[in-house]
Amino acid sequence: MSSIGVKRRASNAPSNSTDKVVVAYQGAKGAFTFLATQHFFRTKAHEVELTAHQSLKAIYDSLLKEKVTYGFVPLESSSYGTIHGVYDRLVATEGKIEIVGEFGQIEHFCLCIAKDTVQELDITKVLGHPHILECCSDYLDSLDSRRQIAGRPLVVRVAVNDSSSACAMVSSTRHEEGVIAAIGSREGAEIHDLKILVSGVGNDKNAEVREG
């Protein structure tokens with residue numbers, strides 16, 4: 001499961017339920033943080049606009065410049081612990097940004113490929129967010145072992161900004177570049193027209209991320 005902490009600039013809070021709320025999240029549509037942000041604000045009374053940001057720094061900058069109402073960022077994971085960069089940046093704002101809510105969700109990791117007929121052992125490269133690659137290390141190590149037995153080289157693991165971007169890169173890859181897979185969400189696979197080759201590739205099937 002994953003947990004998320006919601007942060008905002010106190011002076012930037014909506015004054016009533018009719019005000020529009022702009023929420024910054026890291027990654028692209030279909031990434032796990034996007035899904036958590038969407039779910040958290042789905043039941044809110046405000047009109048909500050979700051806006052993608054490339055980094056935590058970009059989210060904090062938008063909050064400090066009052067371009068957004070809230071920032072939705074990962075706080076900690078049951079698999080890899082506290083996201084220290086989030087708290088370090090929070091402290092650096094000297095109280096200008098505060099945590100005002102939290103949300104937890106279980107993240108289900110899927111191995112996604114282009115819609116071709118391939119086998120697991122054909123995969124030569126796997127893309128994913130660095131934390132997600134670590135959360136799926138048992139599966140990837142097992143895949144490496146099976147490839148070695150078959151006389152094939154180890155799978156190349158490539159860290160990218162978020163899981164949805166990984167899916168987008170796989171979707172646009174040419175066949176001659178080898179069989180490339182992404183670890184992402186079911187929604188990310190659907191958005192980028194990918195096939196889920198293996199579901200539940202995480203080390204912990206109940207891994208939770210807390211966000212806020």
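The values are calculated or read from the model by the stated rules, or taken from the named source; none is laboratory data. Source: prediction; values computed, not measured. Positions of Cβ are generated from backbone atoms using ideal geometry, with glycine treated the same way; all protein chains shown enter the neighbour counts.
Results for (1) at pLDDT below 90; (2) part of a strand (DSSP E or B); (3) of a type outside the set (Val, Ile, Thr), shown as yes or no for each residue.
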| position | (1), (2), (3) |
| --- | --- |
| Ser145 | no, no, yes |
| Val158 | no, yes, no |
| Ala168 | no, no, yes |
| Thr173 | yes, no, no |
| Ala189 | no, no, yes |
| Lys205 | yes, no, yes |
Quick one: how many residues across region 25-46 are at pLDDT 85 or above and farther than 25 Å from Cys110 by Cα? 0
Within the bounds of region 123-134, is there any residue that is out of contact with any Leu (no Cβ under 9 Å at 6 or more places or on another chain), among the hydrophobic types (A, V, I, L, M, F, W, C) and modelled with pLDDT under 90? no
Sole miss for Pro130 among (1) surrounded by fewer than 18 Cβ atoms within 10 Å (Cβ to Cβ); (2) out of contact with any strand residue (DSSP E or B) (no Cβ under 7 Å at 6 or more places or on another chain) is condition (2)
What number of residues in region 107-122 are in contact (Cβ under 8 Å) with a residue 60 or more places away in the chain and surrounded by 15 or more Cβ atoms within 10 Å (Cβ to Cβ)? 9
Hey, any hits in region 8-22 for a residue that's modelled with pLDDT of 85 or more and either under 24 Å from His192 (Cα atoms) or assigned by TED's automatic domain parsing to the domain that holds Glu134 (or both)? no
